[in-house]
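Below: one structure, written as structure tokens.
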Amino acid sequence: MTRQPTVPRLLVLVAALLAVTAGTAPTAAAAPEPRAPREFVALRDVAPTVLQEIRYRTPHNFVGERIDGYRRPLCILTEDTAQALRRAQRALLRRGYSLKVYDCYRPQRAVDHFVRWAKDLDDQRMKAEFYPRVDKNRLFEDGYIAERSGHSRGSTVDLTLVKLPARPTRPYVPGEPLTDCAAPQDERFPDNSVDMGTGYDCFDTLSHTEDPRIQGAQRAHRQLLKRALERQGFANLPEEWWHFTHRPETFPETYFDFPVSRRSLTPRR
């Protein structure tokens, strides 16, 4: 007569059977990350002398943390945009200046991160620097935050000018006291750029390129940047002295979501 297994032994057999079944069951393959079309390049490969300070890879931005999709501190753009920046840089170097980029291609997941942050009215940790005079509940209405960004098409760049030789700048330390982005330059967070009248990403009407309150050297710096880029086919966004789009855009209707990383790019031959 065959003996029936005891209860503990049955449990062991059932557990072993489940383990075998789990090991042989088909598993869903992880979805591959989107890749950039061949038209995208790393700016450093085209214009290596352009300085880069990719703010959204750091916590020094209006959200106060690294933004989704920024895997590396890397400027990625469509190749025609990168070539146009190379030409502008060459002209500015002759005058003793360098371009410095803060942001280039921006994945849609980063824009989504901005939108989630803007809807969380309790998170105002960076207000004292980036939007001291703007109520957070007005960021969408006033146009500071939107669900789509031209940066995601690859032909838009945020940038400034640096007087050569470039001075080093210290990193932002999360939690340190914040200073109004529209304060005088020597009071704002240190940046080796020339004085543009406000810091980068300053949610304030003083950031409007032609604001009449901006005069003297600040106005001259804005005009120098604007003219140098316009000669190479860029158009400025009037509300942001740092924001320029190269036209015609390579992808005027497409919003990409590949991560900011070398691995997103097709290797160049």
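Quick one: which residue in PHE203, PHE258, PHE244 is crowded, with 19+ Cβ neighbours inside 10 Å, part of a strand (DSSP E or B) and at pLDDT 95 or above?
The conditions single out PHE244.
Answer yes or no as to whether TYR144 is outside any helix (DSSP H, G or I), aromatic (Phe, Trp, Tyr), within 11 Å of the chain's Cα centre (by Cα) and over 21 Å from GLN218 (Cβ atoms).
Answer is no for this residue.
Can you confirm whether THR156 is closer than 28 Å to THR81 by Cβ, out of contact with any Lys or Arg (no Cβ under 7 Å at 6 or more places or on another chain), among the β-branched types (Val, Ile, Thr) and at pLDDT below 95? Quick ask: steps written out before the conclusion?
Values: closer than 28 Å to THR81 by Cβ: yes; out of contact with any Lys or Arg (no Cβ under 7 Å at 6 or more places or on another chain): yes; among the β-branched types (Val, Ile, Thr): yes; at pLDDT below 95: no.
The answer is no for THR156.
THR160 - would you say it is buried (at least 19 other Cβ atoms within 10 Å of the Cβ) and in contact with a strand residue (DSSP E or B) (Cβ under 8 Å, 6 or more places away or on another chain)? Break it down into steps so the answer makes sense when it comes.
Values: buried (at least 19 other Cβ atoms within 10 Å of the Cβ): yes; in contact with a strand residue (DSSP E or B) (Cβ under 8 Å, 6 or more places away or on another chain): yes.
Spelling it out, THR160 is indeed buried (at least 19 other Cβ atoms within 10 Å of the Cβ) and in contact with a strand residue (DSSP E or B) (Cβ under 8 Å, 6 or more places away or on another chain).
Can we say TYR56 is touching a strand residue (DSSP E or B) at 6+ places or on another chain (Cβ under 8 Å) and either part of a helix (DSSP H, G or I) or farther than 28 Å from ALA183 by Cβ (or both)?
Answer is yes for this residue.
Going through segment 181-238 one residue at a time, which ones are in contact with a Lys or Arg (Cβ under 7 Å, 6 or more places away or on another chain), farther than 21 Å from THR156 by Cα and of a type in the set (S, T, N, Q)?
ASN192
Any chance segment 246-254 includes a residue that's more than 28 Å from ARG35 (Cβ to Cβ) and either within 22 Å of the chain's Cα centre (by Cα) or of a type in the set (D, E, K, R) (or both)?
No, every residue in segment 246-254 fails to be more than 28 Å from ARG35 (Cβ to Cβ) and either within 22 Å of the chain's Cα centre (by Cα) or of a type in the set (D, E, K, R) (or both).
Under 8 Å by Cβ, and 6 or more places apart or on different chains, what pairs join a residue from segment 39-52 that is under 20 Å from SER152 (Cβ atoms) with one that is among the hydroxyl-bearing types (Ser, Thr, Tyr)?
Once the first residue is under 20 Å from SER152 (Cβ atoms) and sits in segment 39-52, its partners that are among the hydroxyl-bearing types (Ser, Thr, Tyr) give GLU39/THR78; GLU39/THR250; PHE40/THR78; PHE40/TYR105; PHE40/SER264; PHE40/THR266; VAL41/THR78.
Would you mention how many residues in segment 49-74 are of a type outside the set (Ser, Thr, Tyr), buried (at least 21 other Cβ atoms within 10 Å of the Cβ), closer than 21 Å to CYS202 by Cα and touching a Lys or Arg at 6+ places or on another chain (Cβ under 8 Å)?
The number of residues fulfilling the criteria is 3.
Can you find even one residue in segment 104-119 that is in a helix (DSSP H, G or I) and free of Cβ contacts under 8 Å to residues at least 12 places away in the same chain?
yes
The values are calculated or read from the model by the stated rules, or taken from the named source; none is laboratory data. The structure displayed is predicted, hence computed values, not measured ones. Here the Cβ is made from the backbone with ideal geometry for all residues, glycine too, and neighbour counts use every protein chain on show.
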